[in-house]
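Inspection log for the structure reproduced underneath, given as structure tokens.
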Amino acid sequence: MSFDKFAQDAVETAETARAVAEAMMKSRCTIRAGGSGKTTDPVTGAVAPALGAVIYSGKCKIKPAGSWGRTAEAGGEQVSPSMFQVSIPFRVTNVERNQWVTIDSSPDGWFVGRRFQVRFSPQAGDYISSRRLLCEEA
């Protein structure tokens, strides 16, 4: 097999993998830049960081990522933050660390309305199937 044929096969395989990855994205999310200041939810009274411009809105896939060895202290107890992997289409290239992901819809209703902060920015590479964001529940 020639190198050119091998390279072409690799490109076609990556394109197929991306199509399959997107087909598995059954949730929808909105990713926003961080804004300035804080906002208060008029219903719950919860204070949260203000959100900025929409960076991406569309399909995604979300799953637990584990705590990756991180702990925090809450009420004098050590706890592991809720870490999740949010996968978005490969073509989305402008997501960065510290932006905010809100889950708009999901087959798992537990996620709907939850907000996550991007802790690790998108993976990059010629042959990856999607951008995988490591996110922490806010």
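The values are calculated or read from the model by the stated rules, or taken from the named source; none is laboratory data. All figures in this text were calculated on a predicted structure; none of them were measured in a lab. All Cβ positions, even for glycine, are placed from backbone atoms using ideal geometry, and neighbour counts span all protein chains on display.
Please count how many residues of region 99-122 are over 11 Å from the mean Cα position of the chain (by Cα) and either part of a loop (DSSP other than H, G, I, E, B) or touching a residue at least 60 places away in the same chain (Cβ under 8 Å) (or both).
9
For region 47-71, a residue qualifies if it is outside any strand (DSSP E or B), at pLDDT below 80 and surrounded by 10 or more Cβ atoms within 10 Å (Cβ to Cβ), and the qualifying residues are 66, 67, 68, 70, 71. In region 1-33, which residues are touching a Cys at 6+ places or on another chain (Cβ under 9 Å) and either β-branched (Val, Ile, Thr) or in a helix (DSSP H, G or I) (or both)? Residue satisfying the conditions is 31 alone. Of all residues in region 34-46, those satisfying the criterion of being farther than 17 Å from residue 96 by Cα and assigned to a strand (DSSP E or B) are 37, 38, 39, 40.
If the condition is being out of contact with any Pro (no Cβ under 7 Å at 6 or more places or on another chain) and either surrounded by fewer than 14 Cβ atoms within 10 Å (Cβ to Cβ) or within 30 Å of residue 10 (Cα to Cα) (or both), then region 88-104 contributes 88, 89, 90, 91, 92, 93, 94, 96, 97, 98. Within region 1-21, restricting attention to residues that are within 30 Å of the chain's Cα centre (by Cα) and of a type in the set (A, V, I, L, M), the residue that is nearest to residue 131 (Cα to Cα) is 21. Answer with yes or no whether residue 44 is among the β-branched types (Val, Ile, Thr) and either modelled with pLDDT of 80 or more or under 27 Å from residue 131 (Cβ atoms) (or both). In short, no.
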